[in-house]
Amino acid sequence: MMQDSEALDLKSRIEGIYWRPYLVKLFNHTTLMLFTLIIIYPVVWMVLASFKTSGEFVNNVWGVPSVLDIDNYHRAWELANLGRALINSLIISLGTVALVVVLASIAGYAFAKFRFRFSAIILLVLIFTMQAPTPVIPFYVLFVRLDLTDSYIGLILGIASGSLPLSIFIFQAFFRSIPNELREAAKIDGCSEFSAFMRVVMPISGPAVATVAILTFVGAWNEYFLPLLLVRSPEIRPLTLAVQVFFFQYGRVEWTDVFAALSIASIPMIVVYVLMQRWFIQGLTSGSIKG
């Protein structure tokens with residue numbers, strides 16, 4: 001009897017060890033699916049609502065539209081002047097990405113490969129500023145005195161200043177994973193430090209550049225506070241402000257047009273992420289391995 005009970009106990013342990021990985025995997029996949037649905041459903045609902053007529057939106061809030069009404073997109077595009085706002089957002093976002101990538105890559109390389117006085121303290125201060133609130137009044141006074149209101153340059157500089165700390169931290173973590181032997185080999189071949197950085201380090205830093213570019217682009221594209229603070233002219237107005245003005249003019253009457261405008265504003269971000277998601281994931285994980 002003792003042997004039989006020990007055999008049953010051993011069998012149950014083996015079965016438990018065999019099934020445990022599958023139960024863990026099932027739990028993980030179920031949790032991820034639930035989170036995915038929670039995130040995706042509002043976006044899908046917004047897009048479906050943008051194709052409904054006003055009457056169908058009121059009578060069939062949660063359902064699929066019976067007929068795709070693209071007139072909502074035509075009205076939103078014309079009434080909100082989304083064409084001009086789209087160009088403004090592209091100029092501001094791409095300009096911010098270019099400025100941040102250049103400055104953050106150089107600073108991140110310096111923090112990763114050089115040791116200078118107070119470097120650790122300066123890096124900690126930069127990391128701290130990621131959580132610090134924006135000093136609104138000094139910020140506004142500074143930009144007014146520099147005559148940077150109602151200008152692309154002012155918006156690009158303002159948004160880039162808020163994106164630099166995180167971008168420098170990402171580049172610094174990535175550059176630490178690159179072996180120093182690559183730099184030394186380039187310098188032996190006659191390259192200066194800057195030439196080694198441009199010719200050797202940056203060409204293999206695609207994941208970090210893509211990560212910073214995506215985060216900066218999405219942040220600049222969605223930026224609302226700075227344009228609200230610095231922009232008064234409709235000619236400089238980005239999509240976020242254009243959609244807000246359109247909402248206050250027509251949102252209480254035509255919700256479907258507002259959802260169409262929001263869908264148009266979301267398309268560039270989705271396209272950028274889909275095209276660069278592989279590089280984005282690599283950039284987030286590469287810095288975790290120190291070379």
Based on the Cβ-Cβ distance of Y41 and Y273, what FRET efficiency does E = 1/(1 + (r/R0)^6) give at R0 = 25 Å, to the nearest 0.05? 0.90
Quick calc, the stretch 176-220, dipole around Cα centre from Cβ unit charges on Lys, Arg (+) and Asp, Glu (-), nearest 20 debye, gives 100
Given charges at Cβ of Lys, Arg, Asp, Glu: the chain dipole, positive-most of P207, A80, Y224: P207
How large is ³J(HN,Hα), in whole Hz, for each residue of the stretch 216-232 in order, when computed from phi with the Karplus curve 6.51 cos²θ - 1.76 cosθ + 1.60 and θ = phi - 60°, using x for Gly and Pro? 5, 4, 5, x, 5, 5, 8, 4, 10, 5, 5, x, 5, 7, 10, 10, 10
Alpha-carbon centroid distance for the pair the stretch 81-140 / the stretch 37-56, whole angstrom: 34
Estimated FRET transfer efficiency (F27, F194; beta-carbon r; R0 51 Å; 0.05): 0.50
Between Y152 and I204, what is the spin-label point distance in nm, taking each point 7 Å from the Cα along the Cα→C-beta axis? 3.6
Highest-fluctuation residue, A104, A213, A196 considered, GNM on the chain with Cα pairs under 10 Å: A196
How far apart, in nanometres, would the label points at L68 and V218 be if each is projected 7 angstrom from Cα along the Cα-to-Cβ direction? 2.6
Would you work out the charge dipole size for the chain about its Cα centre, treating the Cβ of every Lys and Arg as +1 and the Cβ of every Asp and Glu as -1, and quote it to the nearest 20 debye? 820
For the stretch 194-204, take each phi angle, set θ = phi - 60°, evaluate the Karplus expression 6.51 cos²θ - 1.76 cosθ + 1.60, and give the result in whole Hz per residue in order, putting x for glycine and proline. 5, 5, 5, 5, 6, 8, 10, 6, 5, x, 9
Across the chain, how many lysine pairs separated by 8 or more positions, or lying on different chains, have Cα atoms within less than 27 Å? 4
J(HN,Hα) series, the stretch 258-273, from Karplus relation 6.51 cos²θ - 1.76 cosθ + 1.60, nearest Hz, glycine and proline x: 5, 5, 5, 5, 5, 5, 4, 5, 8, 4, x, 5, 5, 5, 4, 5
To the nearest 20 debye, what charge dipole does the stretch 27-140 have about its Cα centre, counting +1 at the Cβ of each Lys and Arg and -1 at the Cβ of each Asp and Glu? 720
1/(1 + (r/R0)^6) with r = Cβ-Cβ of V61 and L142, R0 = 41 Å, i.e. FRET efficiency to nearest 0.05, evaluates to 0.35
Length-normalised contact order for the chain - Cα pairs under 8 Å, 6+ apart - percent: 29
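Each reported figure results from applying straightforward, stated rules to the coordinates on display, with no laboratory input. From a predicted model like this one, the values you see are computed outputs, not experimental measurements. Here Cβ is always computed from backbone atoms with ideal geometry, including for glycine, and neighbour counts include all displayed protein chains.
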